[in-house]
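Worksheet: the structure to be examined is printed underneath.
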Amino acid sequence: MYEERKTNYFWLILILIIFLVTLGILVYYIRFRTSITPKASTLNIISVVSISNSYLFASPIRAKASGDLIRVTVFLLDDEGNGIFDKKVNLRVLEGQLNIKEVQSLTDETGKAVFDVASSVVGVYTLEAFTESTVLPQKVKVIYD
């Protein structure tokens with residue numbers, strides 16, 4: 001009976017070890033092999049900007065006109081969805097006056113550029129992003145109350 005219990009413990013420990021190793025491999029794969037952000041496989045500096053893949057967004061889209069900041073993020077991507085590195089991005093307001101601060105106007109390895117905008121005047125403002133001769137067709141509206 002003692003030998004039978006010893007054998008059962010052995011199999012239980014073996015199954016537990018296999019489970020933990022499998023769990024470790026799964027966690028590693030999920031953590032280091034998958035991502036929801038665009039990636040540049042190499043420092044992608046020669047690719048052409050894809051206006052259908054590139055985009056911009058603001059967060060939050062509404063703020064107080066007393067100087068609150070709205071962050072505008074632009075992603076420059078190529079036709080395969082890879083970020084384009086080291087491109088100068090500009091942001092402009094189509095109507096009205098906003099204070100635009102370039103937080104990171106040169107894109108990083110994911111193709112991301114970041115701006116902060118503020119206004120002391122109440123209104124709705126439309127922003128667009130461009131680089132060199134390429135203007136992104138998508139616009140973003142921000143509201144200052």
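The values are calculated or read from the model by the stated rules, or taken from the named source; none is laboratory data. On a predicted model such as this, the values are computed, not experimentally measured, just so you know. Because the Cβ atoms are built from the backbone with ideal geometry, glycine has one as well, and the counts that use them run over all protein chains shown. With ligands, DNA and RNA removed, areas are computed over all heavy atoms of the protein, side chains included. Shrake-Rupley method; radii C 1.70, N 1.55, O 1.52, S 1.80 Å.
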Test result for Asp108, part of a strand (DSSP E or B) and either among the polar types (S, T, N, Q) or open to solvent by less than 70 Å² (accessible area, probe 1.4 Å) (or both): no
Which numbered condition Ile84 fails, given (1) over 27 Å from Ser47 (Cβ atoms); (2) open to solvent by less than 10 Å² (accessible area, probe 1.4 Å): (1)
Enumeration of residues in segment 111-125 that are closer than 17 Å to Asp68 by Cβ, of a type in the set (Gly, Ala, Ser) and open to solvent by less than 60 Å² (accessible area, probe 1.4 Å): Ala118, Ser119, Gly123
Glu132 within 20 Å of Ser59 (Cβ to Cβ), in contact (Cβ under 8 Å) with a residue 12 or more places away in the chain, open to solvent by 30 Å² or more (accessible area, probe 1.4 Å) and among the charged types (D, E, K, R): no
For Thr73: the one exception among (1) outside any loop (DSSP other than H, G, I, E, B); (2) touching a Ser or Thr at 6+ places or on another chain (Cβ under 9 Å); (3) under 15 Å from Tyr125 (Cβ atoms): (3)
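Residue-wise test of (1) in contact with a Cys (Cβ under 7 Å, 6 or more places away or on another chain); (2) more than 20 Å from Pro137 (Cβ to Cβ); (3) surrounded by fewer than 20 Cβ atoms within 10 Å (Cβ to Cβ).
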| position | (1), (2), (3) |
| --- | --- |
| Arg62 | no, yes, yes |
| Arg71 | no, yes, yes |
| Val74 | no, no, no |
| Asp78 | no, no, yes |
| Val89 | no, no, no |
| Leu94 | no, no, yes |
| Glu102 | no, yes, yes |
Candidates Val121, Val114, filtered to the one that is farther than 17 Å from Asn53 by Cα, part of a loop (DSSP other than H, G, I, E, B), at pLDDT 90 or above and not polar (S, T, N, Q): Val121
Residue pairs meeting the criteria (Cβ under 7 Å; at least 6 apart or on separate chains; first farther than 15 Å from Leu98 by Cα and touching a residue at least 40 places away in the same chain (Cβ under 8 Å), in segment 58-75; second among the polar types (S, T, N, Q) and crowded, with 17+ Cβ neighbours inside 10 Å): none
